[in-house]
Each structure stands twice: as structure tokens, then as C-alpha cells.
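Below you'll find the structure, written out as C-alpha cells, and then a few comments.
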Amino acid sequence: MPVIIVVLVVVAAAFIAAAVPILRRMRYLPLHRYAVATRRWGLPAPNQSREEFLLRRTRIVRGGQTIPPWSWLYDIHEYDYISIPTGTVGLVKAKIGANAPAGRRLSKYVDCDRFQSVTKFLKGDCEQGVQPELLRGGEAYAIDPQVFDVYTVDSLPADFPAKADDLRLVSVDAEDVGVVIVTDAPAPDDLRAPAPVVEGHNNFQKPWEFLWNGGRSGPQTDILPGGATYAINPLFARVVHIPTRELTLTWGTKSGSEDRYDSELGPLKVTIQGFELEVELTQTLSIPPHAAPFLVKRFGEDADGDVGDHKSTAVKRFVGRVLGEKVRGYFNERASGGEIDRFLHELADTRGKLKVQITQALAEVQVDARETTIGEIRFASDELNKEYREYVVLQQQFRQLEQKLLNQHVANDIERTQLEVHKAKLSAQLDVLIERLGLDHVKRMEAERIRAGATHAPIILTGGMPSAVPIGPVQPSERIAIPAFDATEGLDVFDISPGLPSPNERTETGAPE
């Protein structure tokens, strides 16, 4: 019994002596760090490199765990988690794997837990080079730096084929649409039209799905809606921002530092009769979303710098080459062999015809024309401008006099009509008197009135027929003023009541003679 106890004590002491160094080597990983543990020993399989064999046995130890103490069995390295800044993406470049086919910028996609499982990556027929999958911003990753290089906006090499700004999320304004130009895909079948729609790529954020489903390079028919952000691999595609709001374009001198859609529209100058005139012109238009890919395909497929706040090169080229050339050609045609006075008088007609031509030209590229406005017209010479202003003042005075004359003609026509009505009323009045009193009696009444010096207008009988033309002083012919006329005015009740004597037939006492 004592021997057994002694043996147990010796064994326990030996165990404790062996465990103490092991326990001392164990250490706890803080939460912000991770460890990569790679097995040191083992025999590779046939046709397998020793490096690949060892890497297949690599595992990640997350922060908050204990690192294995068996340093004789594992190579253990500690790292800080790889953080991707919010609002950006991270690119991953693999150091191991097969060589990617020539002409491809991105390697084959492998699902490997966002590059945090080396074993899955190696089992997935991996390729070296930049990977199509991105690391989203705002997260931290435990990635083996022996196998992968991770590039962020803060660590992108100077010789990398993308810029730091390309690693920011693509933000498309609510008033824009994003036209995607795929750069790493087979060429399209039709080089004249945007590439056809491909399903399943989640707004081009999964390049591998796009390629598996037959996607082609170049501007895509499928657009990115505005008001959202997108994580797009800059080596796979770039995004051109096309405005869908109403654009107002002006012809004039622009500052060289301004980034404008109408930067190519310089001052509009027209030469007529050897004199140079400057015309202020404004055009508003709207680009429908479905027209944006065709616009980019025709004018901006090869353009660079169409990211961030830069105005679209495609729109600038379209404005300059289509709109600018059409307007310049139209005004040169109108001015050819013409006269300045005629050119100025026909501005309304010029505007109407110009709008038709602009509408037709824009419709060819599926763009909607809105309002065409011709503003001020100036001579290049200050002296001619002064003379032109004086000419305009005289024109305005002439138009005012023309309007006054027209108004006077209208007033005279009204007065003539009123006079005819007045004459008709007088004639009707005379007819009533003749009907009630008889023609002889009426003639006798008029004769007595004339002898008595009646102040109101007498009735003149010509050829036995009443003309009802009032006699009075001649009025100036420039304007005839006609007073308001009452059909009963100037009539006495005795004039229209048979059997009642007139005032001249009564005595002073009022009794009949």
C-alpha cells in the first residue's frame, strides 16, 4: 500500500510538472484580435504541394477564446481584425491558387465565408488575383494575411488599377439614374445597342452571377434606380450618373472651372449683312430613364471621370454634338442672305421653327424637348447696340401710334353705328306722328315750330318722305360724339294724342278758342 501511494504521488508530481509549462503557454485572445493557427506537420496528398496541404489545415481562432498551447504542432500568429470603413468596400487579392485566364481582371468566385475560411477557398478551385466578391464596410473580418491581401480606401497601393474613390459605395441621387458600364465580361453581340438585361446579379453587386447568366460588357440596358447606394466592384464595372430631372441649358460664356452639362455651348453668334449678332438662347429638356443607356452607349462609353460629383461626359457630349450643332446650323441658315431688320422681325417664326427642329433632333436619341426661349439679341459693337436700342424705341412708338389709330377707327365705327340707330329711332318717331295726326297736320306742326324758333331739332321732309335727319351745327369730323338717345325725348303728349290741342292752340286760361 505505501508503495502504491508513493507511485501515485510521483505520477501526480510528474503530471503537474509537465502541465505547468503548458498552462503557462496558454493565453487568452482579446476581443479585438484573432489568431491564425497553421499545422506544422503532415504528409501532403499526391499532386498536392506541401504549402497547400498545410494551409488546408489552417484555422482561425476568434477573439475572446484561448489560443492552443501546442506550439510544436501549430504556427500561431495574432492579428488585429481587418476593419472596412463605413460607406466603402474592401477588395481582396488572393496570393495562392491557379492563374486566372488572360484578359480577365477578376478571378473565379469562391464561397469561403468572406475569405475567412482558407480551407473552403482552396477546395473551391480558387484562382490567384483580385476576387469578385467585396468586403462590406462597417464590419470587421478575420482573414489570413498569409493567403489574402485586403485593400481599403486607406491602404490601396499607388499602382493598383483602381483609385481610392472607386472603393466608395456608388450613391445615385434621387433625380438621377445609374447606367452601368461593365468592363470585365465578353463583348456584346450588338455593338450598336446597350447589352441586354441579365437576371440574378442584384444590381450588378454579384459579378459572378452576371457572368454565369451570360452578361456582356458595355453599357447595360438594366439601370440603377436613384435614391440608393450600391457596392460594385470597380474592376468589374463603373457607373455613369444620368440626370432625369428637367435640365436648363444656355448658350453663353462659362467659367473654365465650372462643371456643367452645357459647358460646350458657347455664345451663339450670327453674322448678317457683315454685322455680328449675339443671341441669348435657352433650351429645357428631360432625359427619360429608359433613354439613359442609349445616351451613354452613343456618347459616353469610353469616357472617364463619370463618378462622384462629376457631370456625365455622355450628357455633355450629347448636348454639344446634337443640340449645339443643330442650333448653330439652323441660325446660320436663317442668317444666310438675310437682312438684320427681317431677322429681328421674324424672331417669333424663328423660335417656332427652331423648336420643331430641336424636338426632332432630340427625339432621335429618345430625349424629350421642352421649352425653347430666344432672349436678348445684341450687336458685337457697342455703337451698333446703341443704334439698335434707339431703333427699338422708335419701333415701339410706331406700334403705339398704330394701335391708337386702330382704336380710333373702332371708336368711329361704333359712333357711326350709333348714329344709324339714332336716325332709325327718329324715323320711327316720325312714322308714329304721321300715323296718329296725319301727314298734313305734321307738316303744319313743323312749320309752326320753325316759325316759333323751336330749339329742338326739326323734322325735314324731302320729297314728301321723312328723312329724320337732325339739323344742327357741323361737328368736327375727327370724332363724332353721340349723346344718349331716348325715343320719347322731344315729344309732347299733345303731339301723339289725337283730339287734344297743342300748346299753341290753347288760350292763356287753358280753355279752347
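The values are calculated or read from the model by the stated rules, or taken from the named source; none is laboratory data. Note that this is a predicted model, so its numbers are computed, not measured. Counting neighbours? That spans all protein chains shown, and the Cβs are built from the backbone with ideal geometry, glycine included.
If I ask for residues that are part of a helix (DSSP H, G or I), acidic (Asp, Glu) and either at pLDDT 80 or above or touching a strand residue (DSSP E or B) at 6+ places or on another chain (Cβ under 6 Å) (or both), which ones from the range 374-411 would you list?
Correct list: Glu402 only.
How many residues does the range 242-260 hold that are in contact with a Phe, Trp or Tyr (Cβ under 9 Å, 6 or more places away or on another chain) and within 13 Å of Ser312 (Cβ to Cβ)?
Result for the range 242-260: 2.
List the pairs whose first member sits in the range 140-161 and is closer than 22 Å to Ala237 by Cβ, whose second member is surrounded by 14 or more Cβ atoms within 10 Å (Cβ to Cβ) and among the β-branched types (Val, Ile, Thr), and whose Cβ atoms are under 7 Å apart, counting only residues at least 6 apart or on separate chains?
Val150/Ile82; Val150/Val92; Val150/Ile143; Thr152/Ile84; Thr152/Thr88; Val153/Thr88
Determine whether the range 360-370 contains at least one residue that is surrounded by 12 or more Cβ atoms within 10 Å (Cβ to Cβ), of a type in the set (A, V, I, L, M, F, W, C), modelled with pLDDT under 90 and farther than 23 Å from Asp259 by Cα. Give the derivation first.
Pass one, the range 360-370, residues surrounded by 12 or more Cβ atoms within 10 Å (Cβ to Cβ): 361-362, 365-370.
Applying the additional criterion that residues be of a type in the set (A, V, I, L, M, F, W, C) yields 361-362, 365, 367, 369.
Pick out the ones that are also modelled with pLDDT under 90 and you get none.
No, the range 360-370 has no match at all.
Return the total of residues in the range 223-238 being in contact with a strand residue (DSSP E or B) (Cβ under 7 Å, 6 or more places away or on another chain) and either closer than 18 Å to Tyr151 by Cβ or among the polar types (S, T, N, Q) (or both).
7
Only one residue in Leu285, Leu277 is within 17 Å of the chain's Cα centre (by Cα), surrounded by 15 or more Cβ atoms within 10 Å (Cβ to Cβ) and not polar (S, T, N, Q), so which one is that?
One residue alone meets the criteria, Leu285.
Given the criteria among the acidic types (Asp, Glu), in a loop (DSSP other than H, G, I, E, B), in the same structural domain as Ala361 (by TED's automatic domain parsing) and under 17 Å from Val240 (Cα atoms), does Glu301 qualify?
Values: among the acidic types (Asp, Glu): yes; in a loop (DSSP other than H, G, I, E, B): yes; in the same structural domain as Ala361 (by TED's automatic domain parsing): yes; under 17 Å from Val240 (Cα atoms): yes.
Yes, satisfied.
Could you look through the range 236-263, keep only residues that are touching a Pro at 6+ places or on another chain (Cβ under 7 Å) and at pLDDT below 95, and pick out the one that is farthest from Asp368 (Cα to Cα)?
Our first condition is that a residue be touching a Pro at 6+ places or on another chain (Cβ under 7 Å); within the range 236-263, this holds for 236, 244, 251-253.
Imposing the further condition that a residue be at pLDDT below 95 reduces the set to 244, 251-253.
On the way: Thr244: 11, Trp251: 19, Gly252: 22, Thr253: 25 Å.
Here the answer is Thr253.
Would you mind finding the one in Gly266, Gly320 that is farther than 30 Å from Gln396 by Cα, at pLDDT below 90 and surrounded by 14 or more Cβ atoms within 10 Å (Cβ to Cβ)? Write out each step before concluding.
Numbers: Gly320 fails: at pLDDT below 90.
Every option except Gly266 fails the conditions.
Six or more apart or on different chains, Cβ atoms under 9 Å: show the pairs whose first residue is in the range 48-65 and modelled with pLDDT of 70 or more and whose second is part of a loop (DSSP other than H, G, I, E, B) and of a type in the set (Val, Ile, Thr).
Leu55/Ile96; Leu55/Val147; Thr58/Val147; Ile60/Ile143
What are the residues in the range 168-223 that are more than 26 Å from Pro243 (Cβ to Cβ), acidic (Asp, Glu) and surrounded by 15 or more Cβ atoms within 10 Å (Cβ to Cβ), if any?
Across the range 168-223, the qualifying residues are Asp184, Glu209.
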